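Chemist: If you scroll down you'll find the structure; I have some questions about it.
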Amino acid sequence: MKLNRRQLTRRQWLGGMFALCGAAILPSRLFAATTTAFKATDTKAVFQDLFGDLPIEESDAVHLRTPNIAENGAVVPVSVSTDIAGVESISLIIDENPNPLSASFNLTADIVADISFRVKIGKSSTVRAMVKTSDKVYMATREVKVTIGGCGG
């Protein structure tokens, strides 16, 4: 199908309007539940805000994949996955970052709990993947060494 200039302009305008409306509304809805946790400056405050009094236990069922050594701390690849039933959220906490909560994803029952993304790690730190269910929080930890230009840190 060949589009003339007028149709293309109308479609671009409509697409832009939808994107603009979504950009104005969506972020406030996405971060509304965890605003305090993202602003927290210590790990204990993040745990309390996200998980309350739920018990936290280390688990081999949570698979956290990060490089052992990150040559560029600005773009560190991270993957978190699990086969645990009833996952409500997956969060990534980096202890030594100024704001330890780096990412938090709320999941529905229809979503596979397998997420990959990139984060910034300011300096060598413990990285924690937290998988929340209705009655417990499961955790996996890794130490990531951040080097400067691949030789230090």
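The values are calculated or read from the model by the stated rules, or taken from the named source; none is laboratory data. These numbers were taken from a predicted model, which means no experiment stands behind them. Glycine also receives a Cβ, built like all others from the backbone with ideal geometry; neighbour counts cover every protein chain displayed.
Chemist: Mind counting the residues in the stretch 100-147 that are under 12 Å from the mean Cα position of the chain (by Cα), closer than 17 Å to Leu54 by Cα and among the basic types (Lys, Arg)?
Modeler: Matching residues across the stretch 100-147 total 1.
Chemist: To continue, here is another question. So which pairs qualify, if the first residue must be in the stretch 52-80 and among the small types (Gly, Ala, Ser), the second must be assigned to a strand (DSSP E or B), the Cβ gap must be under 6 Å, and the two must be at least 6 apart or on different chains?
Modeler: Short answer, once both residue conditions are applied: Ser59/Tyr138; Ala61/Thr82; Ala70/Val76; Ala70/Val144; Ala70/Val146; Gly73/Val146; Ser79/Arg65; Ser79/Ser116.
Chemist: So, Thr141, is that one in the same structural domain as Thr41 (by TED's automatic domain parsing), farther than 21 Å from Ala40 by Cα and in contact (Cβ under 8 Å) with a residue 60 or more places away in the chain or not?
Modeler: Values: in the same structural domain as Thr41 (by TED's automatic domain parsing): yes; farther than 21 Å from Ala40 by Cα: no; in contact (Cβ under 8 Å) with a residue 60 or more places away in the chain: yes.
No: the conditions fail for Thr141.
Chemist: Could you list, in sequence order, all residues of the stretch 78-87 that are loosely packed, with under 15 Cβ neighbours inside 10 Å and part of a strand (DSSP E or B)?
Modeler: Of everything in the stretch 78-87, just one residue is loosely packed, with under 15 Cβ neighbours inside 10 Å and part of a strand (DSSP E or B), namely Ser79.
Chemist: Where residues in the stretch 111-121 are among the aliphatic types (A, V, I, L, M) and exposed (fewer than 14 other Cβ atoms within 10 Å of the Cβ), which of them is modelled with the lowest pLDDT? Break it down stepwise before answering.
Modeler: Here is the first cut: in the stretch 111-121, the ones among the aliphatic types (A, V, I, L, M) are 111-113, 115, 119, 121.
Filter once more, so that each one left must be exposed (fewer than 14 other Cβ atoms within 10 Å of the Cβ): 111-112.
On the way: Ile111: 87, Val112: 90.
Step by step, filter the stretch 111-121, then rank; the result is Ile111.
Chemist: Still on this model: Can you tell me how many residues in the stretch 40-76 are touching a Ser or Thr at 6+ places or on another chain (Cβ under 8 Å), charged (D, E, K, R) and at pLDDT 95 or above?
Modeler: Selection size over the stretch 40-76: 2.
Chemist: Pull up the stretch 88-110, narrow it to residues that are without any contact (Cβ under 8 Å) to a residue 24 or more places away in the chain and part of a loop (DSSP other than H, G, I, E, B), then point me to the one that is surrounded by the fewest Cβ atoms within 10 Å (Cβ to Cβ).
Modeler: Out of the qualifying residues, it is Asp110.
Chemist: Return the residue satisfying two criteria in turn: it lies in the stretch 60-77 and is β-branched (Val, Ile, Thr) and more than 13 Å from Arg128 (Cα to Cα), and of such residues it is surrounded by the most Cβ atoms within 10 Å (Cβ to Cβ). Let's see the steps before the verdict.
Modeler: Residues of the stretch 60-77 β-branched (Val, Ile, Thr): 62, 66, 69, 75-76.
Filter again for more than 13 Å from Arg128 (Cα to Cα), leaving 69, 75-76.
Values: Ile69: 12, Val75: 11, Val76: 20.
Out of the qualifying residues, it is Val76.
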